[in-house]
Structures are given as C-alpha cells and as structure tokens.
Amino acid sequence: MSPLTFCISTYNNLSYLKLAVESVRKNSYFKDAPFIIHAENCTDGTNEWLEEVKTQYNLEIYIDKNQTPIGIGGGMNFCADKVKTEFIMFLHSDFYVSKNWDLACLEQYQKENKDKLWISSLRFEPAMFPDHIHYLNGSKPQPLDNIIIPKEYFGEYWYNFNKEIFEGYAEEFKELNDYTIFKGQGVSGLVSKKNWDMVGGNDPQFSPTSWEDKDLFLRMIQAGFSFTLTSKSVVYHFGARGSHRLEENEGKTSQRQIEAEQANAYKFIKKWGGLPKYNEHIMVIGINPVQI
C-alpha cells in the first residue's frame with residue numbers, strides 16, 4: 001500500500017493537466033498511489049476529460065462549481081481533507097515529473113528523521129518571465145532550487161514539450177548532483193497528513209491565488225517545521241501556467257492574477273505586520289515590518 005496520496009487542484013489548465021497526470025502515473029515510484037484531483041470552475045473540457053480517464057488513471061475526482069472560488073490554496077485544503085494515507089504529495093497541474101520523484105522526497109524525509117518536515121523537488125523552468133533573462137546571461141546567480149533554462153531545451157508549452165529529452169536529462173542531473181537546501185516550494189511538496197492538519201493548511205483569506213504559500217510557510221516555521229529541497233527529486237514546471245494564463249494573454253500575466261497578487265499582498269501585510277524576509281534561496285524566513 002502506498003504511504004502517500006498525490007493531490008492536484010486545477011483551474012482551466014487541461015493541456016498541462018494531461019501531461020501532469022500522465023507523468024505521475026508513468027514516472028512515480030508509487031504508481032498506484034491514490035490520486036485526488038480537484039477541478040474548480042473549469043470550462044475548458046477538464047471536467048469531461050477527468051470523467052473519461054478516471055478509471056484509466058485511477059483518479060479520485062471532484063468537480064467543483066463554486067460561486068466564490070477557493071483557488072489553489074483552498075483546493076489544496078479540499079484535497080488534503082480527503083487524504084487517508086500518512087503523507088500528502090502536492091503538485092501543480094503544470095508539472096511534468098521525472099522518474100521516482102516521489103520516492104526521492106520520501107527517502108529524504110525518512111533520512112532526516114524529523115517529524116515536522118516539508119520536502120520539495122527541484123524545479124526546471126523555461127525562461128518565460130522578464131526577470132528570467134538575468135539567470136540566462138549570468139548577471140544573476142543561477143539558483144540551485146529553481147533552474148531557469150532556455151525555452152528551446154525542452155519546450156516552453158504543452159504542444160512542443162519533449163518529454164523524452166527532459167526525462168533523460170533529469171536522470172543525468174540526478175546522477176551528477178546530490179545536495180539539499182533549506183527551501184520549501186509553494187503548492188508542491190511532501191508533508192505528513194497529521195502535520196498539515198495540525199498547522200491548519202492554507203488560510204482561506206488568500207483565495208483564489210497568491211501569497212498563501214508565504215503565509216503557510218511562516219506558520220509552519222512558527223510551529224517548528226524544517227524545509228528541505230532535494231536535488232534527487234526533479235520536476236519540470238512550465239511556469240505558473242495555472243495562474244498567470246500566459247497563453248491566453250500573449251505571454252503576459254492575466255489581470256486576474258495581477259489583481260489577486262495586489263489584494264493578497266495587502267492582506268499579508270495586515271496579518272503579519274510586514275513583508276516577507278527571504279534567505280538566499282528566496283525562501284520566506286521572517287517578516288520585515290512596514291507601516292500601512
């Protein structure tokens with residue numbers, strides 16, 4: 001029996017969701033693990049596709065049509081409430097996972113032998129946003145936790161993504177790299193079900209999207225959690241496709257996302273009394289007080 005359950009919350013992201021589900025069932029060590037998918041207010045064929053393939057991929061699906069969207073954070077909470085295994089394995093709907101990505105996270109959890117842990121995978125992302133150019137031309141150090149690569153390496157969209165090349169590269173990378181850093185990746189990672197419940201999951205006030213991960217991680221730090229990102233677990237992240245809606249907006253962030261980020265930044269300041277303080281890996285570790 002699998003010790004973990006895969007969980008995805010999605011919104012109108014069908015083309016990438018198909019890749020994510022395929023890769024989880026193909027490349028995970030726990031191929032038959034429970035797999036919960038929460039689809040909220042989808043109008044792009046997601047609901048119909050999930051109904052069609054739920055037996056093929058052994059999916060537990062929930063089609064949600066909320067009047068008030070609960071968003072990615074609320075969707076994570078929804079999925080987590082359904083989990084019956086010891087661990088939850090959250091992932092984005094725009095991930096493509098490499099071989100044994102789940103086992104590597106679980107082995108790191110067991111190796112550290114701590115109760116309160118959040119274990120994350122290393123992400124490769126195509127250079128899609130303006131600040132990514134700094135990573136590519138060397139003017140900004142390449143982070144070890146979120147590796148920005150030229151679009152042409154593996155493809156930046158679902159329709160030109162070369163899964164075979166990525167899978168091969170990921171295996172080579174894992175053979176050549178063995179490190180961990182203090183970092184939690186938002187909306188994805190391995191955590192025990194009991195500790196997720198203990199910390200209370202995502203704060204609903206940050207629905208539908210943005211800043212919920214910073215708030216969650218700060219509360220986890222206050223509760224004594226440690227965070228580890230391992231280079232032995234690798235995923236391809238297409239880059240906020242579920243929230244920024246790049247293909248629908250000529251490569252630009254959606255107005256929905258911009259408004260949510262602005263509103264939730266204000267909520268975060270009101271709740272915490274300041275803006276996030278980060279470590280060298282852009283992991284929130286505290287608060288810089290501000291006046292509002």
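What to note about this one:
- Under 5 Å between amide hydrogens, built in the peptide plane, is the criterion, and for S233 it picks out L122 among residues at least 5 positions away or on other chains.
- By the count of other C-beta atoms within 10 Å, a proxy for reagent exposure, F166, F238, F129 are ordered fewest to most as F129, F166, F238.
- Disulfide-incompatible cysteines by the Cβ rule (no partner under 4.7 Å) in the chain: C42, C105
- Over 32 Å between alpha carbons, listed pairs K26/K151; K31/K271; K18/K270; K163/K183; K151/K271: K31/K271; K18/K270; K151/K271
- Integer Hz, Karplus 6.51/-1.76/1.60 couplings in order for the range 230-235, x for Gly and Pro: 10, 6, 7, 10, 10, 9
- Three-way shape call for the chain based on the alpha-carbon gyration tensor, with the a/c threshold at 1.5: rounded
- Estimated purely from DSSP H runs of n ≥ 4, each contributing -39500 (n - 2.57), the mean residue ellipticity at 222 nm for the chain is -10500 deg cm²/dmol once divided by its residues.
- Normalised by the number of residues in the chain, the average gap of Cα pairs under 8 Å and 6 or more apart makes the relative contact order 22 percent.
- Exposure here means at most 16 other Cβ atoms within 10 Å; with GluC sites (Glu not before Pro) in a DSSP loop as sites, the longest stretch of the chain lacking them is 153-249.
- Ranked by how many other Cβ atoms sit within 10 Å of their own Cβ, fewest first, the residues C105, C7 fall in the order C7, C105.
Throughout, read-outs are computed from the coordinates displayed, never taken from laboratory work. Keep in mind that what you see is a predicted model, and the values were worked out from it rather than measured. As a convention, Cβ positions derive from the backbone with ideal geometry for all residues, glycine included, and neighbour counts pool all protein chains shown.
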